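Engineer: Have a look at this one before I ask anything.
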């Protein structure tokens with residue numbers, strides 16, 4: 001996981017999540033200022049942390065603020081990261097790949113709100129959630145017309161259900177989605193988390209990254 005951070009006084013404050021997709025690229029949602037990789041605790045000093053400035057920020061040109069359609073962004077770091085047990089690239093599901101079906105167990109992680117008061121954890125949280133039927137998510141009592149073909153929704157009624165915008169949705173270890181938006185309150189049955197489907201943006205990703213393979217770099221010998 002990457003922590004996308006913003007300055008707050010003399011320190012940095014966590015703003016949203018992201019994840020490494022190549023040796024100098026991080027995928028996230030529609031905003032970013034500074035990137036810290038290898039984070040587990042937001043407040044504690046950790047030898048695994050690597051901090052980067054942003055060389056380039058590419059928001060999808062068709063992003064819609066009204067319904068968060070095309071909610072995907074790519075960040076080019078100011079230098080390649082050092083691969084380790086705590087920092088490595090994740091495989092992306094590409095066009096033609098199989099996205100998880102209704103009822104499939106998927107994983108997400110981040111430092112998102114733990115409750116409806118906006119309380120955030122200091123340490124990285126992970127949770128297994130379940131994909132919800134697309135027809136249900138399009139119902140007017142769910143998201144209606146705001147739910148597009150570029151989205152998948154998943155849910156589990158629990159405190160950890162509020163995801164961290166920009167973080168990954170994993171299916172069998174492969175990133176299939178990006179945490180986008182959803183219910184304004186944690187654990188609402190009819191307002192599950194909404195995730196951008198990564199495989200729908202393969203061409204844009206390849207063009208933005210210069211067709212750089214999205215594979216983990218090797219550790220230096």
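Conditions tested, residue by residue: (1) assigned to a loop (DSSP other than H, G, I, E, B); (2) modelled with pLDDT of 90 or more; (3) more than 25 Å from residue 38 (Cα to Cα); (4) outside the structural domain of residue 194 (by TED's automatic domain parsing).
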residue: 98; (1), (2), (3), (4): yes, yes, yes, yes
residue: 112; (1), (2), (3), (4): yes, no, no, no
residue: 120; (1), (2), (3), (4): yes, no, no, no
residue: 126; (1), (2), (3), (4): no, no, no, no
residue: 136; (1), (2), (3), (4): no, yes, yes, no
residue: 141; (1), (2), (3), (4): yes, yes, yes, no
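Engineer: Right, next: On the given criteria, is residue 36 farther than 19 Å from residue 197 by Cβ, in contact with a strand residue (DSSP E or B) (Cβ under 9 Å, 6 or more places away or on another chain) and either surrounded by fewer than 23 Cβ atoms within 10 Å (Cβ to Cβ) or touching a residue at least 60 places away in the same chain (Cβ under 8 Å) (or both)? First the steps, then the outcome.
Structural biologist: Details: farther than 19 Å from residue 197 by Cβ: yes; in contact with a strand residue (DSSP E or B) (Cβ under 9 Å, 6 or more places away or on another chain): yes; either surrounded by fewer than 23 Cβ atoms within 10 Å (Cβ to Cβ) or touching a residue at least 60 places away in the same chain (Cβ under 8 Å) (or both): yes.
The answer is yes for residue 36.
Engineer: Restricting attention to the stretch 128-141, which residues are free of Cβ contacts under 8 Å to residues at least 60 places away in the same chain and either surrounded by 22 or more Cβ atoms within 10 Å (Cβ to Cβ) or under 12 Å from residue 169 (Cα atoms) (or both)?
Structural biologist: 128, 130, 131, 137
Engineer: For the stretch 144-181, enumerate the residues that are closer than 21 Å to residue 2 by Cα and at pLDDT below 70.
Structural biologist: 160, 161, 162, 163
The values are calculated or read from the model by the stated rules, or taken from the named source; none is laboratory data. This one's a predicted model, so the numbers in the text were calculated from it and none came from an experiment. Methodologically, a virtual Cβ is constructed for each residue, glycine included, from the backbone with ideal geometry; neighbour enumeration extends over all protein chains shown.
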